[in-house]
Every structure is written in structure tokens, then in C-alpha cells.
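Asks: Okay, here's the structure, questions in a sec.
The values are calculated or read from the model by the stated rules, or taken from the named source; none is laboratory data. Just so we're clear, the structure is a prediction, and the values are computed from it rather than from any experiment. FYI the Cβ positions are ideal-geometry reconstructions off the backbone, even for glycines, and counts take in every protein chain you see. These accessible areas exclude ligands, DNA and RNA; they are computed on the full protein's heavy atoms, side chains included. Shrake-Rupley method; radii C 1.70, N 1.55, O 1.52, S 1.80 Å.
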Amino acid sequence: MKTIIAKIQKDNELENKEIYRRAGEILRGGGLVAFPTETVYGLGADALDEKASAKIYAAKGRPSDNPLIVHIADKKDLYKLSSCVNDNAVRLAQAFWPGPLTMILKKADIVPASITGGLDTVAIRMPSHPVAEKLIKEAGVYVAAPSANTSGRPSPTRAAHVIDDLSGRIDMIIEDDTVDIGVESTIVDLSEEVPTILRPGYITEQMLSQVLDSVITDPGIMTSVKAGVVPKAPGMKYKHYAPNADLAIVEGSMEHVIDYINTAVKEKEKQGFKVGIMATDETKDRYKSGMVYSVGSRKSEASVAHNLFAQLRAFDQLGAQYIYSESFSTDNVGQAVMNRLIKAAGHTIINV
């Protein structure tokens, strides 16, 4: 399959209009289109077309019990996709849509079980990125869209990442590298009595608690769903976001973390391995060897989230065989960063 790569132009609306027209045609015809959102690039298909959604799983190599998120461009579509739009859903939609928040609700009959992992719930999101919004409106269909990467790899925040993973497997990639947040949307389960965060993201528990009477975070967000259990939200069960290298997170006081990583890197390099170090602006100059890169500043958790996946992929390009990463605070957006890092490392955490 030849993949069309179409770049959105800032000053050529006529050409952009043609890109959206072609992409919408592909989606209506059961094809796959990768496109940017404010979180990461998504891989879209007609959510109500079971054959189309099956193509997503095939292109990504994604397990079929891993649910897909349905993307919409109109809040009214909540009532078409869910059989029970409760007060909490209405409040959250008013406060955070369009934006990086996914809600899990009881599904309507029109939603096929093929995109819900066989569950009676559906995950719904209304993205704020203008390209995503225009594409959904042009297509005229609800768009099921997980991240546009092969399953288990770091999520794509640039078109080049999508091209590396999926070129030749999908019909079209819309290139517009204005992805801002860098980690996937917050997922909140509203299908049970107490709203529960199943995946942390830019919208934090503190922010949600200002809108909802009560909200809790599933303690399993830093672990994995057990074998044999169907995950209720994307990313809960399987190893995700992993680079090619063996990744380890080092936790402890900063002095001990830096000392440990310096010693470990020196030993690995003696053995002939290429080693990457994921540091921060505050610590990058304190490492004596290895491929040292800052993922952002500890003063800005958002900067770390924005750069995280791109840095993991950069280490792949550099041929790193081992990566040591500093750990991060689990406050606010830092919780999303650590959630992704822990899964990328396969839960390899070294306490020093």
C-alpha cells in the first residue's frame, strides 16, 4: 500500500481543503488516516464500520481487547453514542471539551463491540486540535482513533514518527507538527457510581475535582491489568510506549540517582553498549558519559510531557541499547509522565 503524506500549509487554504476532502473520502470508504490532535497523532477509521476498525488493529498490531476511543466534533454526539449521558458527563463536557479528556460511558446500540473490547461501555473524546476537528467534520463520521504508532511503541508526536511506524500500512498521513501536550488524553470512567481516572493526562484529578462532586484515581494506573481481564481503557493492560532499548527508571534522592546512573553507564560502556540518559535541564551537566539529553525542566511538568515520547524515539535513532531515566514527581501532569515511563520501562524501577 502506498501511503499518501499530505502536509497542512499555513497559507494555502485551497490545498488544505483538498487534503481534508481526500481524507474524509478515505474515512467514509473504510480506510485509515493518521492525523494530529492536541495530545498525540491518532490513527483514524470510521468508528461504526467494523471492517474499518479491524484495519486499525491490524495496522498497529494491537490486541483486539484493547478499546478504541471515538472522536467527535459536536457535543450532541454524546447522546448518539451513549445510552446514558449522566450529569457528570454533561459537566465535564462543558468544562473540558473540546480538549484532552476522554469519558467512558454506557454505549449505545449503534456502537459495535469491535471497538469497545467487547465491553458495554464506550470511550468518547472531542479533540481541540483544529486539524482533528476539520477532519471529523469533513468525514461526517465518528472517528475511532488510537495513537498512530505500532502497538507498544512510544506514541507519535511528530509526523516522522507516524511515517516510521505506519507508512505502507495505512492510506494517508496528515502532517501538521503542532501537537502540543505530548501525552494521551486523561480517561475518566463515568459508567460507575464514582467517577474514576483510568489514565492520567493533562487534565488532572485536581482539575476534575473542581467540576465533579467526587472523583478518584484507579490505583492500577501505575501497574497493569492482570492477565485474563479485559481492560476498560486503552493502555491499562499491555506494555506501551517502549523504546527498542532496555529502559530503567532510577528513583531516590537526586544525588543518589545521579551517582547510580553515572556508575551504571560507565559499566555498560565498558561492556561496549551504547547508553542513553534521560535527564532534565537541572541535571544534564552532571552526567559524565553516555548520550545525555534533557527531557525538560522540573519546573515545568508540561515540558517533560511534551518531550517524553520524542526523546524515547530519539534514543532509538541514536542506537541506544540501554536507557536510564530519572524519575519525576507524580503531582499534576507529572503523574501522566510517570504512568507512561513506568509502562515504557516494563515496570523496571531501581530504588537507590
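Asks: Looking at segment 129-140 only, could you name the residues that are among the small types (G, A, S) and surrounded by fewer than 18 Cβ atoms within 10 Å (Cβ to Cβ)?
Replies: G140
Asks: Would you pick out the residues in segment 144-167 that are open to solvent by 10 Å² or more (accessible area, probe 1.4 Å), more than 25 Å from D246 (Cβ to Cβ) and assigned to a helix (DSSP H, G or I)?
Replies: I163
Asks: Within segment 168-177, identify whether any single residue is closer than 28 Å to L312 by Cα, among the small types (G, A, S) and open to solvent by less than 10 Å² (accessible area, probe 1.4 Å), and answer yes or no.
Replies: No: zero hits.
Asks: Restricting segment 268-298 to residues that are assigned to a helix (DSSP H, G or I) and of a type in the set (D, E), which is surrounded by the most Cβ atoms within 10 Å (Cβ to Cβ)?
Replies: Ranking the qualifying residues of segment 268-298, first place goes to E269.
Asks: Between E255, E301, which is open to solvent by 10 Å² or more (accessible area, probe 1.4 Å), touching a helix residue (DSSP H, G or I) at 6+ places or on another chain (Cβ under 7 Å) and charged (D, E, K, R)?
Replies: E301
Asks: Among the residues that make up segment 195-204, is at least one of them surrounded by fewer than 17 Cβ atoms within 10 Å (Cβ to Cβ), at negative phi and either at pLDDT 95 or above or out of contact with any helix residue (DSSP H, G or I) (no Cβ under 8 Å at 6 or more places or on another chain) (or both)?
Replies: no
Asks: Which count do you get for residues in segment 165-195 that are free of Cβ contacts under 8 Å to residues at least 60 places away in the same chain and within 19 Å of R340 (Cβ to Cβ)?
Replies: So the count comes out to 1.
Asks: Go through (1) on the phi > 0 side of the Ramachandran plot; (2) crowded, with 17+ Cβ neighbours inside 10 Å and name the single condition L312 misses.
Replies: With respect to (1) on the phi > 0 side of the Ramachandran plot; (2) crowded, with 17+ Cβ neighbours inside 10 Å, L312 is out only on (1).
Asks: Further, regarding this structure: Considering (1) free of Cβ contacts under 8 Å to residues at least 40 places away in the same chain; (2) within 21 Å of E175 (Cα to Cα), say which one L43 fails and leave the rest.
Replies: The failed condition is (1).
Asks: Right, next: Would you point out which residue out of M278, M291 is without any contact (Cβ under 8 Å) to a residue 40 or more places away in the chain and not charged (D, E, K, R)?
Replies: On inspection, the qualifying residue turns out to be M291.
Asks: So, V337, is that one open to solvent by less than 30 Å² (accessible area, probe 1.4 Å) and touching a Leu at 6+ places or on another chain (Cβ under 9 Å) or not?
Replies: Answer is yes for this residue.
Asks: Which count do you get for residues in segment 58-89 that are free of Cβ contacts under 8 Å to residues at least 40 places away in the same chain and touching a helix residue (DSSP H, G or I) at 6+ places or on another chain (Cβ under 8 Å)?
Replies: 1
Asks: Please work out which one of (1) over 19 Å from V211 (Cβ atoms); (2) under 23 Å from the mean Cα position of the chain (by Cα); (3) not acidic (D, E) is the condition K80 fails and give its number.
Replies: Condition (2) is where K80 drops out.
Asks: Name the residue that is nearest to T196 (Cα to Cα), counting only residues in segment 105-143 that are of a type in the set (S, T, Y) and assigned to a loop (DSSP other than H, G, I, E, B).
Replies: T116
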